[in-house]
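Only one structure is covered here, and it is reproduced in the block below.
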Amino acid sequence: GNRQMASAIWRFPRTPEPIDVCHPTTNTLAFQRAGTPLITRLADGKRVSKRVRIGSVTFAPMGVSATWESDRPCEQVHVYIDSGIVEQFVDQQLGLGTAPEIDDFFAVSDPWLSGYFQILIGEYDLMRESQRVSDTLLLDQTECLLVRHLIRWHANTGRRQGSKLDRQAKVAPLHPVLTRRVQEFVDANLAGELSLQA
């Protein structure tokens, strides 16, 4: 099927009883938007409690069952990354048979990811204020960048694959004729639905 990323803003209440969470085929990247709760996570027999700061980021890999508790309400922004998106990126960009595993991390500081989520929240706020239906264009456009960052900085890619990703960061810009055609297409279709594929 058509694999896409999705996002959601969640307002979580205080959870006096543990909540079990497991996404079998989707990785979850969570950004702490509001509140500084003490969150306890129990996964693989390890219990970790942290006072989660605004701006911190958590990554829960697909298929990992975890139990969560929170001592106060909070708000998070989630991005759901289908496993096929990571596999496709690794196949196309690194030429590897299997995708490296992205580390399971909990409430870490990552300025790049924090900036990414601020852009995503800004897009959401603009859509809400203009009362337009939100679309997935931003997620579609940034899919490759997000997966690249997670693999480069939060996976055991090894030195060879990491340097290969670094070399790919130097991209040649589009030819001016192509840039002009893209601009004309966007201008002509700005009022409609603009997908990355189109």
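The values are calculated or read from the model by the stated rules, or taken from the named source; none is laboratory data. Given the structure is predicted, the values throughout are model-derived calculations rather than measurements. Note that each Cβ is placed from the backbone with ideal geometry, even for glycine, and that neighbours are counted across all protein chains shown. When the accessible area is computed, the model is the full protein with side chains, heavy atoms only, and any ligands, DNA or RNA have been set aside. Shrake-Rupley method; radii C 1.70, N 1.55, O 1.52, S 1.80 Å.
Residue by residue, what Karplus-based ³J(HN,Hα) values in Hz, rounded to whole numbers, does the stretch 52-64 have, using 6.51, -1.76 and 1.60 with θ = phi - 60° and x for Gly and Pro?
7, 8, 4, x, 7, 10, 10, 10, 10, x, 4, x, 8
In whole angstrom, note down how far apart the Cα centers of the stretch 45-83 and the stretch 98-117 are.
Value for the Cα centre distance between the two parts: 12 Å.
With every protein chain present, what accessible area does Trp10 have (1.4 Å probe, heavy atoms only), rounded to the nearest 10 Å²?
It works out to around 110 Å².
If you bin every alpha carbon distance in the stretch 55-149 into 5 Å steps from zero, what whole percent lands in each bin?
All Cα pairs considered, the percentages come to 2, 10, 19, 21, 20, 16, 9, 3, 1.
What does the charge count near Phe117 come to, summing +1 for each Lys or Arg and -1 for each Asp or Glu among other residues with Cβ under 15 Å from its Cβ?
Summing Lys/Arg as +1 and Asp/Glu as -1 gives -3.
Once the Cα atoms of the stretch 1-78 are picked out, what are the Rg and Dmax in Å?
When restricted to the Cα atoms of the stretch 1-78, Rg and Dmax are 12.7, 39 Å.
Could you tell me which trypsin sites (Lys or Arg not before Pro) in the stretch 1-80 are loop residues by DSSP with no more than 15 other beta carbons within 10 angstrom of their beta carbon?
Sparse-neighbourhood loop trypsin sites (Lys or Arg not before Pro): Arg3, Arg14, Arg53.
Per 5 Å bin, what is the whole-percent P(r) computed from every C-alpha pair distance within the chain?
1, 6, 13, 17, 18, 16, 13, 8, 4, 2, 1, 0
Please work out how much accessible surface Asp187 shows to a 1.4 Å probe, ignoring ligands, DNA and RNA, in Å² rounded to 10.
100
Between the helical axis of 111-129 and the dominant principal axis of the chain, each derived from Cα atoms, what acute angle in degrees is found, rounded to the nearest 10?
Compared with the principal axis, the helix lies near 80 degrees.
Roughly how much of Tyr116 is accessible, in Å² to the nearest 10, using a 1.4 Å probe?
Looks like 20 Å² after rounding.
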